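Report on the following structure.
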Amino acid sequence: MAPKGGKKDDDLAQQEVLQAVVLADSFASHFRPMTFQMPKVLMPLGSVPMIEYTLEFLAAGGVQEIYIFCCAHADEVERYIVESDMERRLATVSLHVLKSQGECMSAGDALREVEARGVIKSDFVLVPGDVIANLSLAPLIAAHKARREVDRDAVLTTVMARVPASHRARRGGEEKLVALSGETGRLLMYDEAVKEGWATKVRLPMALLQETDRFELHRDLYDTHIDVCTPELLVLLQDNFDWQDLRRDLLPGVLGQFEMLGKTIYTHVLSTEYAARVHDPHTYDVVSRDLLQRWAFPLVPDANLLPGCSYRCTAHCVYQEAGVSLARSAAIVRDSAIGEGTTIGERTVVEGSVVGRDCVVGVGVTLSGCYLWGGVIVEDGATLTGCICGEGVRIGLLAKCSAGTGLTLLGPGGHGRLWKVVPTAASLGFDRPVAQGQCDDELSEEEDEELEETNLEDVENEQFATAVRELIRDALRSADKDDAVENLALELNGLKFGADRTFADSVRAIVPPLLAEAASAPTKKAKVANLKRALEKWAPLLKKFVQSKADQRALVEGVAAACEQANEGLLEVFDHALKLLYDREDDLLDEQAILKWAAAVEEEAEEGSLEERLLQQADGLLKWLRESDDEEEDDDDE
Amino acid sequence: MPPRPEFQAVILAAVADGDTLAPLTNSLPLGLLPVANRPLLSYQLELLTRSHSFKQVLVLTVERWLSQLATWVSESYKGPLQVELLVVPDRAGSADALRHVRAHIVTDFVLIAGDVITDVPFQRMADLHRLQGAAMTALYRESAPREAGVAKKAKDLDGIDFVGVDERGQRLLSVEAAADCEGGVVSVSQSLLRAYPHVTLRTDLIDAHVYIFAPWVLDVLELKEHFVSAKFELVPYLVRKQFLSKANLSKAKLAAARRASGAADGAVDSVASGGGGAPTATGSGPPAVTRAPSDVACTKGGGAGSGAVGGGGAVGSASAFAMAAGEATRRQLDHDDFRCCCYIMPHDAAVYCLRVSSLKEYVQANLDVSRESRVTHYEKAEASEGTVVKEGNFVHKSRDRDSTLGEAVEVAGRTAIKKSSIGPHCRIGMNVKITNCVLMDHVVIGDKVSMSNSVVCSNSEVREGASLKDVQVAAGVTVEAGANHKGESITEEMDTEED
């Protein structure tokens, strides 16, 4: 067993009992299909279920009472706690399992329910059940209490670690901007916007800067999700029953309503200690590797948290339990752990992987960055890269599973049931195909399907564009009427719904016919004038369809397409068209969209292609935009 | 070829971005304004002398003040520096002035505003500049921390700069004057945050108006003809350009590269000659220097090397050199990068820095220097005790230790002089109370005058019984007996009053 936090911290012991709440549910669905059958916190990480690490960390930090709050699979969590005899193992801690009784959709709901139970009596530590950390809680809590002495309104201390934005521990696209007061560590700003939505400039209201002499602006803070909360926070959550997420709702809520609520939040920035949370398969991979590489010491596989574990660490961070049968020519390269009763065949290479107990890995298998839980069978010649295989999964002969950027989750129990995580994890649920059958065949089939789908897409777009073109041609004839824009918008909208197109698709289809007329003018000057007239008239229509950044991009593409049609008659006024759209005061088109389009096209454009010429035509405009993007007031086009 | 000095110095003795000291500067150039009976310029010259890095200094002035300054330099200046007076056009801003004297500047140069009194260890600032191979290093003073938990009022932010520095407080990442923030919003560019994910925006730093520039910055000035002020235009421009497209710096870079290839010879020479003195330290140095592409990085690498070796007395110069070599190598990777740095004077260090940019600060500067070693490292110019032996002169009885008295001052009995500077040849009557005032030379104060927080310029007279509070009296003016003035400027035309 790992060293226990038995060293009695006199300071804490004399005061009231230190409590902690563990949220044994992440209220997310990143680990489906695994989490259909088991709670996330019981998923093995390294060699033991995740929650072991969290509880061990709390116990070592001197927590005396832990409340484990469960929603999904509550019974299983409870059973595990009881059956694994956790309370006795942790010795210094009394464990209580709280099962959710009502509908609990978020951490906010969970805390509201905890409050209702009335078990929390003083400041407590709040941790999700999937946090792995080796930081020492005592100084953190002491600092929290000291701050409470000074500032009675401090309701929360969050713990963040300094991790560069490009670090692998970051979830893809996870970007946040945090501002702290340099003197006190008070949280002044918390902005979790996605990258896309960020302007080129961060705008800070002057009022924030009055709070402190040293305004620490961080883009490198990683949220460990470890919080030290006060009972007041629970009351606050009770009052603001619409706060769901502890980060996205609670933090902006408290910060934004400072005038009204008068509550403050402080942030403790870790320097050397390890703390990370398992959010999704990617972070599962990262945290597993950190564990194997001993970053979270004393939380390492050979700490053997569970009774009956017998991992020993050998060179290159390779861990083996007793009773592993390893063929002579099999190679365990590095950063791997092999559980008891596992057999590994000849010429098999295991690298950066965790193989659980009682697995059978055949001959000539390659495992790289894979996590095989218990009883997995990998038949001869299979190659697995970046997979998580649930209990009892069977991987077929010569199967190939590779995951590219995302990790492949293989559901437990099934025969090569494949669950592919689409890289764009933000997309909707139905975008994730679930396929049955053997892995190797499956992947190739799927690719074919995708190919066909894109072709189909093109055809549909073409049909839609034709319909739109005809509609607009009719409308242009009767364009003199006052309500022409309204009518056309209505009809186009109908068409859009009928064909199930997005706004971006519509914009792409609408722009070319609208501008087509302008191309007929003989001179460039006349064309510009025509363009101006056309845009003046139809901009309100476009405005209705341009709803997002993506639509703006589509608008640029539409203009580019317009230039392509009509014998490229509009090519020479391409930049004028963009400029006219850009100059409009209703934010129809912003420079980001144009620049992004240019950047994308620049990469693909071939020598002498239409895109190339379009870029050349718009060269001056792009330069100018880039300049003004830099907020450069000088005119440097000399 | 005589060794090229590492740094040149430029003092703006009569060039300021705006004139806030009127009417004091009506009859005197800024540089000759007496502070504790010494001209302001002497403080800047002493700062440069103390750092032992300078032989020559360029003092910029306008036509009007040339003769006065020239007289002072030739007759009163006793220091070792060779002072070269250069005339720039009237009403020139600091950037204009630099542009004008461009031909005289060949290496990295220090730009000191004419109104600065500081005893910052200049060597430290120069070390930072060398180590970072900076394009610009600015000097900032940290103000004392305010009480914990007390938020500033909105008006406290007026007139300050929002200074973005990196973790170590060495790189200057953003500068924005509060006055320039439109709509009460301070903006920080994302590109900056990408390069430096942790930026500290500080509101407690005060620009000391002392900068070190790389010589190619002058090329930028050529390019940007409309820049008037170094502080308000050139510095923010450079700071901003660190992380943005270098496209419109390219011309300047080209010119800089051309100059650098010339300058590099000298710099590398000095490394080679200095290399013998510290063989172990230079072991890693020269390769890095010679490998550097022949652009700005090269001069910087060379400059850094020669500086660290030459200033062998500086703390940790050997390790500093190793770092310099490392920096040079890193700079090779992104050689079109340049840096802006800042040297921050901590508020608790025994370093003095004040800009005499307002009347209040002028009086404060007088007081501070009068207090001598308790506040600054400068000495006041004072007639030594016992030299005035005139009968009935109570000059040494009536003063407190926070005051400065010039030569041949006559003071009648029962007069109290507190926290004040009295210029040479002043005559002060009986029963006079002078608190926190500055009297320049040849001022006559009648009996029973009471003055506080006031400045009286040369050859003026304050007659019997007058009472002055927060008043500035211009040169050669007579304040009538019994007059009562408060918060005014009294100039020659008695009737017109200025704010």
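Take peptides A:22-30, B:78-86 and line them up by average Cβ neighbours within 10 Å, highest first, as a rough protection proxy. Numbers along the way, then the final one.
Values: A:22-30: 21.8, B:78-86: 13.8.
Those peptides, ordered most packed to least, come out A:22-30, B:78-86.
With every protein chain left in place and a probe of 1.4 Å, what is the accessible surface of A:THR184, to the nearest 10 Å²?
Taking all protein chains as shown, A:THR184 has close to 60 Å².
Please identify every one of the GluC sites (Glu not before Pro) in region A:25-131 that sits in a loop by DSSP and has no more than 13 other beta carbons within 10 Å of its own beta carbon.
For GluC sites (Glu not before Pro) across region A:25-131 that sit outside H, G, I, E and B with at most 13 neighbouring Cβ atoms in 10 Å, the list reads A:GLU103.
Is there a simple number for the mean count of other chain Cβ atoms within 10 Å of the Cβ of residues in A:177-185, and what is it?
2
Find, among the trypsin sites (Lys or Arg not before Pro) in region A:321-369, those assigned to loop by DSSP (not H, G, I, E, B) with at most 11 other beta-carbon atoms within 10 angstrom.
For trypsin sites (Lys or Arg not before Pro) across region A:321-369 that sit outside H, G, I, E and B with at most 11 neighbouring Cβ atoms in 10 Å, the list reads A:ARG328.
Note the full-extension length gain between A:HIS96 and A:LYS121 as 0.36 nm times their separation in residues minus their Cα-Cα distance, in nm to one decimal.
Taking 0.36 nm per residue and subtracting the Cα distance, the gain is 7.5 nm.
Counting only heavy atoms of protein chains, what accessible area per residue, in Å², does region B:383-498 have with a probe of 1.4 Å? Provide the component values of the computation, followed by the final result.
Details: 5540 Å² over 116 residues.
That works out to 48 Å² for each residue.
In nm, give the distance between the simple-model label positions of A:ASP245 and B:GLU488, each being 7 Å from the Cα along the Cα-to-Cβ direction.
6.7 nm
In this model, which of A:LYS201/B:LYS241; A:LYS496/A:LYS527; A:LYS537/A:LYS596 are farther than 22 Å apart at the alpha-carbon?
Beyond 22 Å between Cα atoms: A:LYS496/A:LYS527; A:LYS537/A:LYS596.
Extension gain A:GLU103-A:GLN547, at 0.36 nm per residue separation less the Cα-Cα distance, in nm?
Extra length from A:GLU103 to A:GLN547 when fully extended: 156.4 nm.
Gain in length, B:GLU480 to B:GLU407, computed as 0.36 nm per residue apart minus the alpha-carbon separation, to one decimal in nm?
23.7 nm
Filter the trypsin sites (Lys or Arg not before Pro) in region A:478-563 down to the DSSP loop ones having no more than 14 other Cβ atoms within 10 Å, then list what survives.
Numbers: sites: A:LYS481, A:LYS496, A:ARG501, A:ARG508, A:LYS524, A:LYS525, A:LYS527, A:LYS532, A:ARG533, A:LYS537, A:LYS543, A:LYS544, A:LYS549, A:ARG553; in loops: A:LYS481, A:ARG501.
Those satisfying the criteria are A:LYS481.
Under 5 Å between amide H atoms, partner at least 5 residues away or on a different chain: which partners does B:VAL411 have, H built in plane at 1.01 Å?
Counting only residues 5 or more places away or on other chains, the set is B:PHE394, B:VAL395, B:ILE428.
Tell me: how much accessible area in total is hidden between A and B, 1.4 Å probe, Å², nearest 100?
Values: alone 30090 and 22430 Å², together 49370 Å².
In total, this chain pair buries about 3100 Å².
In nanometres, what is the gap between the two model label sites at B:ARG427 and A:GLN64, each 7 Å from Cα along Cα-to-Cβ?
Distance between label points: 8.7 nm.
Which far-off residues, 5 or more places away or on another chain, put their amide H under 5 Å from the one on A:GLU346, with H placed in the peptide plane?
A:GLY364
Nearest 0.05, what FRET efficiency do B:ASP400 and B:GLN56 give at R0 = 60 Å with Cβ-Cβ as r?
Rounded to the nearest 0.05, the efficiency is 0.90.
Once label points are set 7 Å from the Cα along Cα→Cβ at both A:ALA28 and B:ALA195, what is their separation, rounded to one decimal in nm?
According to this spin-label approximation, the distance is 3.2 nm.
Under 10 Å from the Cβ of A:ARG312, count the other residues' Cβ atoms, weight Lys and Arg +1, Asp and Glu -1, and hand me the total.
-2
Calculate what fraction, in whole %, of the accessible area of region A:16-278 sits on carbon and sulfur atoms when a 1.4 Å probe is rolled over the protein chains.
On region A:16-278, the fraction of accessible area on carbon and sulfur atoms equals 51 percent.
Return the FRET efficiency for the residue pair A:GLU572, A:LYS532: r is the Cβ-Cβ distance, R0 is 22 Å, and the value is rounded to the nearest 0.05.
Result of the calculation: an efficiency of 0.90.
Taking Cα pairs under 8 Å and at least six residues apart, what relative contact order does region B:383-498 come out at, in percent?
The normalised contact order for region B:383-498 reaches 14 percent.
The values are calculated or read from the model by the stated rules, or taken from the named source; none is laboratory data. Every value quoted in this text rests on a predicted model; they were computed, and no experiment measured them. Quick reminder, even Gly has a Cβ in these numbers, built from the backbone with ideal geometry, and neighbours come from all protein chains shown. Surface accessibility is based on the protein's heavy atoms, side chains included, excluding ligands, DNA and RNA. Shrake-Rupley method; radii C 1.70, N 1.55, O 1.52, S 1.80 Å.
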